[in-house]
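K.L.:
One structure, as C-alpha cells, below. Some questions next.
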Amino acid sequence: MSRFLLFLFFGAIITMFTSCKKDNDVQGDQQQVSTEELNRTPPEGDAHHGDMSIDPSAISQTSRLGERSFSPYANRKFPTRPLWGDQHIHSGWSFDAGFINSLGPKEAMKFARGEQVETTWGVPVQLSRPLDWLAMTDHSDLLGATPLMRASDPLVMDDPTVRRWNKAMQSGDIDAITTAAMEAIQAQGNGTLPEILKNESVFRSSWSDYTSIIEEYNEPGRFTALIGYEWTPNPGPGNNMHRNVIYRGGKNEADQLLPYTTFESVDPEDLWRWMENYEKETGDRVLAIPHNGNLSNGLMFAFETYGGEPLTMEYANRRQRFEPIYEVTQIKGDGEAHPLFSPEDEFADFETWDEGNLNLTPKDSGMLNHEYWREALKNGIMLSEKIGANPFMVGAAGGTDAHTALSAVEEDNFFGKHSGVEPSPTRWEHVVLSFDGREILGWRQASGGYTAVWAAENTREAIWDAMMRRETYASTGPRITVRFFGGWNFVEEDAQAREPGWIGYDKGVPMGGMLEARSEDKSPTFLVAALRDPIGANLDRIQVVKGWLDKDGNTHEKVYDVAWSDNRRKGRDGKLPAVGNTVDVANATWKNSIGSPELITVWEDPDFDPDLKCFYYARVIEIPTPRWTAYEAKRFKLELPEEVPMIIQERAYTSPIWYMPE
C-alpha cells in the first residue's frame, strides 16, 4: 500500500494528494508547464464567477516552504479535501412521491448523516459512510401537500377529491395508493387539481415547516444541510427542463419568498427573474442546477430561448450567472457524452437513455446535439464566438434524483428511483417509462451519482461558493478523489511533489477556472491526480477530454489517455488496451488485482493552437466492478436476460478549465 493511502486511512490526507510516487505500473504523458491564480475575486456582477472566491494572493504568499510558519499546514487558504454530497434528493414531501413514500426530509437528513433508517416498507438501510452535505430538493409544485393529506390536516381536507385520496393513502393497499397517485399526477398534468392544494397559505405553511426541518439538521463543520427545491417544468408535455434551486443562506432568508413553481411559468428565464428578485429582496444568493438534458428532447441546450428567440449575450451572461454547474449523471441516465457525437470514445456509451423525453415522446435527429454535456461545452464556445458570451459554461455535478429520501448510490446498496419498487426479485423488470409500445424497464436505471465540492470548510456558504466557482466534480457513485489544475508552467517534477495542492493553486487554476492569457510561447499543461475510493475499486486510467473551435467555426473533440495502470502501452492506433476484468458476476465480487490505487501526472497539450478557443476536463475510470443488477441477481437467485448489463466501469468527471485567446 502506498504512503498516500496510508495517510488517508490514518486521517492525514490534509493536502489531498500527498506522497504520490512514480510507480512502474503508472504510465502516461508527463511533461511540462502550467500557471495561474485560482479564481480572481470578480467585479460586481461578473458572469464567470460568484462573488465569493478564494484570494489567490493569499495562496502564493504562503505556498513556498521557506515562507511558511514552522507548521507547513498553517495559513492554508485553499480546500484540502472534497466534500461529498447529493444536490438532488426527494422525500415524501414531493407530490409525485408522497402518496407511497412516507419518509420525509428528516429521514433524508438522518440517512445522509450516516444514521440507520427504515424505508417506507420497513427495510433497514444505512450508508457505508456518512455524506458531508445534502441539499433537499423536493418539487416546489405542491410541496408538502401529500404529508398534509396523509395526516388528514384540516388545511387540505375540505375537498372531496382530497378526502378520497386520503382514504386510499390510509388504506395500506398498494394498488389503491398507486391508483390515487396516478390520478393525482394526471390531475397535476392536465390542470384539474383541487384548488385547495394550490392555496398560498397551504404552500407557505409547508415551506416554513420544510425549512425548519432542514435548519434543524444543519451543523456547520460536521454536516451541511442546504435548503433547496426542484423547479419542474415539462413543456411539451414531458420535455424535461428541470432545475434544482440551491440557497446559500438559511431559513431566515428562504422564508421571505415562496419558491417558484411551474404554476407561474415553465420558462427558465422567468425562473432567473425570480432568482434575481429573491437576491434583491433578501440579500441571499441562489443558484440553479439543470439536469437530465437527455430527456429534454433538445430543449436543455437549445440554440434559441424557450420563447423561440435567438440567444443573445445578455441571455448567455444571465444563464452563466445563475446556472454554473450541470447534473451530468443520475438515476435516469448518464449525460456526459453520446456515442453518436463521440464515435472514437470507447467510454462514451455509458448508462445511456436516449429514447425520448419523460413521456418517451420520440426524438428527431437534431435533438441529441442539444442534450449532452460534452456537446453543450463544445456548442458553448461556438456560440461565444457568435454572441460574445458562453451560455453553456457549466461545471459538473452528480445526483441521485431518488424519490425515496435515500441518497443511496452504491451498487450493492441501491434502493431505486421511488418507494413503489424497493429491492425485490421483480424490480429489474418493472416499467419505468412507457409510450406507444416503447418502454424503459427497471434494469436501465443507473444507481445515481454524487457531487464532490472542493470547499474550504463544511458550511453552507463554502459549499455554495465552490459550486458557484465550479470547483466541483461528478461521480457515478464511488468517492474517487480528483484534483485537476491547468496553467502554463507545470513541470514533470510537480507530479512527484508531496503537496500538489500547494503547487496546483500556486501555479494554475483549478477545475472550473479559466486559463489566463499566455505570457510566453507555450502550450497549456495540466496537473491531474486521482485516488481511488478507499473502500472501492482501483483505477484504470485518467483521461483529459478536450473540445475546441476551429477557424471555420466547427467544433471538435479528442480524448487523451494521460495516466494509466498496469504497465500497458498504447497500440499503433494510439488506443490504450483494456485494463482487464476480475468480476465474478455469479457471486457479485471482484478483485483489486489490476488497476492502481492512485494515478498522477503532468500532461501538456500536444495539439494546442493559441488562436483557438478550447476547454479541458478530466475523466477518471475505475476497473470493472459488479453493477447493481449483479448484486440483485445474486441476492434473489435470478437469471437475468443477456441484455441486462451486469458489469460497470464507474467514473468521475471534473468541471472543465477553459481557454479563450482574447
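Bear in mind that the values in this text are calculations on the coordinates, not laboratory data. Keep in mind the model is a prediction, meaning the values are calculated, not measured. Heads up, the Cβs are rebuilt from the backbone with ideal geometry, glycines too, and the neighbour counts pull from every protein chain shown.
K.L.:
Charges on Cβ only, +1 for Lys and Arg, -1 for Asp and Glu, centred on the Cα centroid of the range 83-453; of F111, S365, G333, which one is farthest towards the dipole's positive end?
P.N.:
Ranked along the dipole, the leading option is F111.
K.L.:
Once you have the Cα-Cα distance between K106 and E216, take 0.36 nm times their residue separation minus that, and quote the gain in nm to one decimal.
P.N.:
Gain on stretching K106 to E216: 38.7 nm.
K.L.:
Now a separate question. Is the chain best put as rounded, prolate or oblate by its Cα gyration tensor, with a ≥ b ≥ c the root eigenvalues, rounded for a/c under 1.5, and otherwise prolate when a/b is larger than b/c, oblate when not?
P.N.:
Verdict is prolate for the chain.
K.L.:
Taking every DSSP beta bridge with both residues inside the chain, roughly what % is antiparallel (nearest 5)?
P.N.:
Rounded to the nearest five, the antiparallel share is 85 percent.
K.L.:
So, one more: Between S208 and T305, what length in nm is gained on full extension when 0.36 nm per residue of separation is reduced by their alpha carbon distance?
P.N.:
So the chain would gain 31.6 nm between S208 and T305.
K.L.:
Provide the FRET efficiency to the nearest 0.05 for the V123-R569 pair, computing r from the beta carbons and using R0 = 30 Å.
P.N.:
Computed FRET efficiency for V123 and R569 comes out at 0.05.
K.L.:
When a footprinting reagent is the concern and you count Cβ atoms within 10 Å, what order do D566, D364, D607 take, fewest first?
P.N.:
D364, D607, D566
K.L.:
For the chain, with only Lys/Arg (+1) and Asp/Glu (-1) charged at the beta-carbon, what is the dipole magnitude about the Cα centre, in debye rounded to 20?
P.N.:
Charge dipole of the chain: 1580 debye, to the nearest 20.
K.L.:
Sticking with this structure for a sec: Take every Cα pair under 8 Å in the range 83-453 that's 6+ residues apart, average their separations, divide by the length, and report that relative contact order as a whole percent.
P.N.:
Worked out over the range 83-453, it gives 19 percent.
K.L.:
Given an 8 Å cut-off on Cα distances and at least 6 residues of separation, report the relative contact order of the chain as a percent.
P.N.:
Dividing the mean separation by the residue count of the chain yields 18 percent.
K.L.:
Could I ask something else about it? Relative contact order for the range 422-517: what is it in percent, counting Cα pairs under 8 Å that are at least 6 residues apart?
P.N.:
It rounds to 21 percent for the range 422-517.
K.L.:
Once whole DSSP H runs in the chain are found, which of them have Cα atoms spread over 15 Å or more along the helix axis and a mean Kyte-Doolittle score of at least -0.5?
P.N.:
TM-like helix candidates: 174-190, 373-387.
K.L.:
Next question, about the same structure. Explain nothing, just compute: Karplus ³J(HN,Hα) = 6.51 cos²θ - 1.76 cosθ + 1.60, θ = phi - 60°, for every residue of the range 71-79 in order, whole Hz, x for Gly and Pro.
P.N.:
For the range 71-79, the Karplus-derived couplings read 6, x, 9, 6, 6, 5, 10, 10, x Hz, x marking Gly and Pro.
K.L.:
Distance between Cα centroids, the range 523-558 to the range 593-616: provide it in whole Å.
P.N.:
5
K.L.:
Something else: Run down the lysines and flag those whose C-alpha is under 28 Å from the C-alpha of K251, throwing out any fewer than 8 positions away in its chain.
P.N.:
Hits, sequence-local ones excluded: K106, K110, K198, K280.
K.L.:
Once amide H atoms are placed 1.01 Å from N in the peptide plane, what residues at a sequence separation of 5 or more from L441, or on another chain, have their amide H within under 5 Å of its amide H?
P.N.:
For L441, the qualifying residues are V432.
K.L.:
On to the next question. Among the lysines, select those whose C-alpha is under 23 Å from the C-alpha of K363, and discard any that sit fewer than 8 residues away in the same chain.
P.N.:
K332, K378
K.L.:
Still on this structure, I have one more. What ranking of K546, K77 emerges when the number of other C-beta atoms within 10 Å of each C-beta is taken as an exposure proxy, fewest first?
P.N.:
K77, K546
K.L.:
How would the range 443-546 be classified by its alpha-carbon gyration tensor: rounded, prolate or oblate, with rounded meaning a/c under 1.5 and the a/b versus b/c comparison settling the rest?
P.N.:
prolate
K.L.:
Give the shape of the range 320-463 as rounded, prolate or oblate, defined through the alpha-carbon gyration tensor: a ≥ b ≥ c are the square roots of its eigenvalues, a/c under 1.5 means rounded, and otherwise the shape is prolate if a/b is larger than b/c and oblate if not.
P.N.:
The shape class here is oblate.
K.L.:
I would also like to ask the following. Can you work out ³J(HN,Hα) from phi for every residue in the range 324-330, in order, using Karplus 6.51 cos²θ - 1.76 cosθ + 1.60 and θ = phi - 60°, giving whole Hz and x for Gly and Pro?
P.N.:
Those phi angles translate into x, 10, 10, 6, 7, 8, 6 Hz.
K.L.:
Rg over Rh of the range 83-453, using C-alpha atoms and the Kirkwood radius, what does it come to?
P.N.:
0.94
K.L.:
Moving on. Pull up all non-local amide H partners of G513: gap of 5 or more, or a different chain, and H-to-H distance under 5 Å with H placed in the peptide plane.
P.N.:
W658
K.L.:
Moving on to the next point. Take R635, R243 and order them by how many other Cβ atoms sit within 10 Å, fewest up front.
P.N.:
R635, R243
K.L.:
May I have the extent of the alpha carbons of the range 196-278 along their three principal axes, as whole Å values ordered from largest to smallest?
P.N.:
43, 29, 24
K.L.:
Still on this model: Need one number: % antiparallel among DSSP beta bridges in the range 83-453, to the nearest 5.
P.N.:
About 65 percent, rounded to the nearest 5.
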